[in-house]
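> There's a structure below that I have some questions on.
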Amino acid sequence: MDIMTPMPDFDPEKFLKTPIYAFDFQFMIGDVKDFLVFSESNIDWQHRRELQAISHRQDLEDYPSGYREHLEENANHRFLVSLPLRVRYAAVLALTTSVEWSVKFLNMRAVAPVTKKGDGANQTVTILRELVARTQLSAGSAIDDYEALINVRNCIVHSAGLFETYQFKDTLPVSVDRLRGCSLANWHFFGDQVCIERGALDQYIDEMSKLVVDLHQSMHESGLMQP
């Protein structure tokens, strides 16, 4: 006979009084991961559909030898390289923007907002470092990852991800090397550009989700936020 483990008593009042920190941010960051999963799955489906359509074409016998392979190569590049990379670029922007919104809102509500400017550093990174220091959270590595993502984001926005034309290309290789699953490579035949492998952003979405929520909670529990 199976022995059922008794369920703990559910206290609805306690549940309702338990604060959910960075509530809006948790939705936003979850949407970024959902966007990636949905978009890449849809691209996979479209890729299979395109290859099936090519394989069923009856008119290709009238074209020169190798034309079918040419169509398949074009489809593979479009659905395995071009479209996925654009989706991942968009996800980098969505991720970094979501963090910026939440961190700047948190700083606005701080008892003593961070006003100092970092020496050339991104302002959100500067705020993160200061607030993490105040709460004594252990998050230096996560902030370094986020700073690398900001550099990659800026290259995407200002230089279409291309290394050669990026204003701060001297700093880009270090940032890319730090991010697992990212590289500078010639996927698009435009020269070296920021390349992001499938699933590479998931770890940083999770990492920043934990950091921002933990920071909101620590600021609140330490009395560092306005009532």
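Throughout, read-outs are computed from the coordinates displayed, never taken from laboratory work. Note that this is a predicted model, so its numbers are computed, not measured. Cβ: placed from backbone, ideal geometry, glycine included. Neighbour counts: every protein chain shown.
> Cross-chain or 8 or more residues apart, Cα under 23 Å: how many lysine pairs in the stretch 24-221 fit that? Count them up, please. Intermediate values should be presented prior to the final figure.
Numbers: Lys33/Lys104; Lys33/Lys210; Lys104/Lys116; Lys104/Lys117; Lys104/Lys210; Lys117/Lys169.
Count of close lysine pairs: 6.
> Over all directions, how big on average is the projection of the convex hull of the alpha-carbon atoms in the stretch 86-176, in square nanometres? Kindly include the intermediate steps, with their values, before the conclusion.
Working: hull surface 25.0 nm².
Over all viewing directions, the stretch 86-176 projects a mean Cα-hull area of 6.2 nm².
> In whole Hz, what ³J(HN,Hα) sequence does the stretch 181-198 give by Karplus (6.51, -1.76, 1.60; θ = phi - 60°), x for Gly and Pro?
Karplus-based 3J(HN,Hα) across the stretch 181-198 equals x, 10, 7, 9, 8, 9, 5, 9, 6, 9, x, 4, 9, 5, 10, 10, 6, 4 Hz.
> Further question on the same structure: Picking from Phe38, Leu85, Thr165, whose Cα lies most toward the positive end of the charge dipole for the chain (charges on Cβ: Lys, Arg +1; Asp, Glu -1)?
Thr165
> Follow-up question, since we're still on this one. Out of Arg178, Arg68, Arg78, any idea which swings most in a Gaussian network model of the chain, alpha carbons joined below 10 Å?
Most flexible of the set in this elastic network: Arg68.
> Continuing with this model, one more query. Given contacts defined as C-alpha pairs under 8 Å and at least six residues apart, what's the relative contact order of the chain, whole-number percent?
The value is 23 percent.
> In sequence order, what are the phi-derived ³J(HN,Hα) couplings for the stretch 109-117 according to the Karplus relation 6.51 cos²θ - 1.76 cosθ + 1.60 with θ = phi - 60°, rounded to whole Hz, with x for glycine and proline?
8, 5, 4, 10, x, 6, 10, 5, 9
> Still on this structure, please answer the following. Scaled to the compact-protein estimate 2.2 N^0.38 Å, what is the alpha-carbon radius of gyration of the stretch 123-227, rounded to two decimal places?
Normalised by 2.2 N^0.38 Å, the Cα Rg of the stretch 123-227 equals 1.25.
> Now for a different question. If you take Cα extents along the principal axes in Å from the coordinates, which of (1) 68, 50, 29; (2) 76, 66, 27; (3) 50, 41, 35 do you get?
Here the calculated entry is (2).
> Sticking with this structure for a sec: Taking the mean number of other Cβ atoms within 10 Å as a proxy for protection, how do you rank 121-132, 183-194, 37-48 from highest to lowest?
121-132, 183-194, 37-48
> Here's a follow-up. Between the alpha-carbon centers of the stretch 199-227 and the stretch 41-66, tell me the distance in whole angstrom.
46
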